[in-house]
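Heads up, the thing below is written out as structure tokens.
Read-outs throughout are calculated quantities, based only on the coordinates presented, and are distinct from any laboratory measurement. Remember, predicted model here, so these are calculated numbers, not experimental data. Reconstructed Cβ throughout: ideal geometry from the backbone, glycine too, with neighbour counts over all protein chains shown.
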Amino acid sequence: MSKQKKLGLGALGGLVFSTNPDAIQPEPEEEMQTLAAGHQKLRVLLDKKQRAGKVVTLIDGFEGTEEDFQSLAKQIKTKCGTGGSAKDGMILIQGDYKVKIAQWLKDWGYTKTKTI
């Protein structure tokens, strides 16, 4: 086996360092489209790990643009009247709102919502 394959340099074509800014072209990112609400497989669950015993409601499984993700998070936080955050593909809502959020999501067209 060659030294390049052992070191994993094959992906760059053997190029390790170059001062030429055009040497490595970044791959174009695909534009992500937001799935329709009826096709989203959202999971709603409670969690209190690493949160000093406080309960948070997690919503996971949203597939779409960051803009739509943040919009859904804001809508849920406003409806609950509580704080929370949306990052890394998960929406965290402070408190136990699992049943209410699952019902609101179903009312808003997220029919494949699952509570765990």
- In the Gaussian network model of the chain, springs joining C-alpha atoms below 10 Å, which of Gln33, Gln70, Gln50 carries the largest mean-square fluctuation? Gln50
- Equivalent ellipsoid semi-axes, the chain, via Cα gyration tensor eigenvalues times 5, rooted, Å: 41, 18, 14
- Calculated [θ] (222 nm, deg cm²/dmol) that DSSP helices of n ≥ 4 give over the chain, each run adding -39,500 (n - 2.57): -7500 deg cm²/dmol
- Too long at a 20 Å Cα-Cα cut-off: which of Lys49/Lys106; Lys54/Lys100; Lys77/Lys98? Lys49/Lys106
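Report the extension gain between Gln103 and Lys79 in nm, rounded to one decimal, defined as 0.36 nm multiplied by the number of residues separating them, less their alpha carbon distance.
Numbers: separation 24, 0.36 × 24 = 8.64 nm, distance 1.18 nm.
Roughly 7.5 nm would be gained on extension.
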- Note on the structure: Counted neighbours (other Cβ, 10 Å), sorted fewest up, put Arg43, Arg51 in the order Arg51, Arg43
- Note the full-extension length gain between Asp47 and Glu29 as 0.36 nm times their separation in residues minus their Cα-Cα distance, in nm to one decimal. 3.1 nm
